[in-house]
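Participant: This is the structure I have questions about; it appears just below.
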Amino acid sequence: MTQYTRFAIRGLGFGTLRSSPPTWVLPCRDPDKRWRGPWFAALVVVAGLLALPTLLAREFPPEAPPPKPFVMPAPAVRALPNGLKVLVVERHSLPLVTLRLVVKSGSEADPPELPGAAQLTAAVLTEGTKGRTAQQIAGAIDSVGGVMDTGTDWDYSFAGLSVLTDHKDLAFDLLADMVVRPVFAPAEVERKRKQTLSALEVAHDDPAYVADTAFRQMLLTGTIYGHPEDGVPDSVRRLTAQDLYEFHRRYYQPSNCILAVVGDISSAEAFERSEKFFGAWKEGAGAPLPRATAAPPATRRAVVIDKPDAVQTEIRIGNLGIRRDSQEYYALSVASQILGGPAENRLFKALRSQQGLTYGASSDLVCHRALGTWVTKTFTRTPETVNSVRIALEQMKRLREHPISEQELETAKSYLIGHLALEFETCDGIASQLLDLMVHNLPLDYWNYFPEKIRAVTAQEVWNATRQYLDPERNVIVLVGNASGFAKEMKKLGAVRVIPLREVDFGTATLERKPRAAGKP
């Protein structure tokens, strides 16, 4: 009597199936014996052919379609009689409205003797106005499920609110109240000041923060960007409510500000509410102080900040970069992607994939209104510190001395173009990007032409820009870690200055705490 054995084919394997996908039924008089006939061999071949597309799909991901053309909607723009510029972008897909106001003065405008003034001024905006206490401001935004944020960057300060469309009047009212009529109550200033001091104390023990801050200060010393954004303990202790009031009076002027309104609101309505809530804001007696930006020294320097309890070393290597409005921004953006971006990362391949020395390596092109930096970042276990620095320098040298491949060029371009739309997914993202353009004196249709500009970048242009700005003779190198763990190899880096972490002071040009005068504690 004939018996049947069921064979199910999944990929290249066989197994018994009780339901779909279809079951293959083969006659077999002896189920205990394996089939060895020629028709069974044919069956295996058929199975392999059926499974081939699946195997190839696993080995090679499907080709991604080209990104859809990105079109940034043109904002409606109007200047109020008091000088405040207002931008409006209608976006009715969700019942949300975002208001974001920037002051075109940020941490670069800190008084030289009071770094951190801009940051603390922005932080205290939410802590009380002439018409509301700090609790009332927080309660008002919480009661409608809104989001509120203030802060500073290097070239601007900002305050923003996002609410459901039904509460847009409250958003305009609150934002105007905080920006135009803050009171800088001494008790609230003192509370924020203590929070800042506590945060600085914690940050001073964070190797990544120390490395970033030391690198920036070494590279940009003597410029308006050569100090920590949050200030230093000594300056923060000296900041008073009057100092914050003076900073606000000088820089928070309607003619020095831009308001972006994005979301479920018509342009006419947005302009009408802007006039209603911000129209009475008068230009003050103060005026933004012009700040000259001296050229920082262009010499190679290396510093090790010794943190004996560290088990790994934070590494920063870099040069001066470019202004945000530089024409070389496109070529250097591609070069930075190839060196250490998410798309095509030579540093990661060399340090992680080939040597297993780190979990991450990146290249950051940081561009401000007047200056910029190009920095390589990574970290490694202590004994591999100098070896990791050597490999990073080799990759930077290779990028500078040899042309890039067409494949690398196209991969970096594809990432920059394909990633662009992600920056505009939210109302806040749209507002931030538009305001960033205005702060850096770029045209409002800049992002619509960005893909075209990136596609036009050639390998030769990338190489030319890299040779100009990635100069090993002007590298600044900062290492934060246990110096004793790599002291024997440190001489390979040339002249290196070692500073104990306890002696680091970001309030001085040398990074070192000044010696105390005799008789002083």
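None of the figures in this text is laboratory data; all of them are computed from the coordinates on show. Quantities reported herein were computed from a predicted structural model and do not represent experimental measurements. For neighbour counting, all protein chains shown are included, and Cβ atoms are generated from backbone atoms with ideal geometry for every residue, glycine included.
Participant: R0 = 35 Å: FRET efficiency of GLU503 with ALA370, Cβ-based, nearest 0.05?
Facilitator: Plugging the Cβ-Cβ distance into 1/(1 + (r/R0)^6) gives 0.70.
Participant: Moving on to the next point. Sorting HIS204, HIS419, HIS402 on the 10 Å Cβ count, fewest up front, what's the list? Provide the component values of the computation, followed by the final result.
Facilitator: On the way: HIS204 17, HIS419 14, HIS402 10.
Arranged by neighbour count, lowest to highest, HIS204, HIS419, HIS402 become HIS402, HIS419, HIS204.
Participant: A follow-up question, please. HN-Hα J couplings of region 486-495 from phi, Karplus 6.51/-1.76/1.60, θ = phi - 60°, integer Hz, Gly and Pro as x?
Facilitator: 9, 4, 5, 9, 4, 5, 5, 8, x, 5
Participant: Which far-off residues, 5 or more places away or on another chain, put their amide H under 5 Å from the one on GLY318, with H placed in the peptide plane?
Facilitator: For GLY318, whose amide H was placed from the backbone, the distant partners under 5 Å are THR376, VAL476.
Participant: I've got another one for you. Using the Cβ atoms and a cut-off under 13 Å, what net charge is assigned to the surroundings of SER484, where Lys and Arg are +1 and Asp and Glu are -1? Show your work: numbers first, answer last.
Facilitator: Details: positive: LYS307, LYS488; negative: ASP306, ASP309, GLU489.
Once positives and negatives cancel, what remains is -1.
Participant: Among the trypsin sites (Lys or Arg not before Pro) within region 207-242, which fall in a DSSP loop and have no more than 12 other Cβ atoms within 10 Å of their own Cβ?
Facilitator: Those that pass, being in a loop and sparsely packed, number zero.
Participant: Distance from the Cα centre of region 192-266 to that of region 443-504, in angstrom?
Facilitator: 24
Participant: Now a separate question. Going by how many other beta carbons lie within 10 Å of each one, how would you line up THR358, THR313, fewest first?
Facilitator: THR358, THR313
Participant: What residues have an amide H closer than 5 Å to that of ALA310, excluding those fewer than 5 places away on the same chain, when H is modeled at 1.01 Å from N in the peptide plane?
Facilitator: Correct list: ASN482.
Participant: Per residue of region 254-268, in order, report the coupling 6.51 cos²θ - 1.76 cosθ + 1.60 (Karplus, θ = phi - 60°) as ³J(HN,Hα) in whole Hz, putting x for Gly and Pro.
Facilitator: Computed from phi, the couplings for region 254-268 are x, 6, 9, 10, 9, 10, 10, 10, 10, x, 7, 7, 6, 4, 4 Hz.
Participant: Check cross-link reach from LYS282 to the lysines: straight Cα distance under 24 Å, and skip same-chain residues fewer than eight apart.
Facilitator: Filter leaves LYS85, LYS104, LYS130, LYS168.
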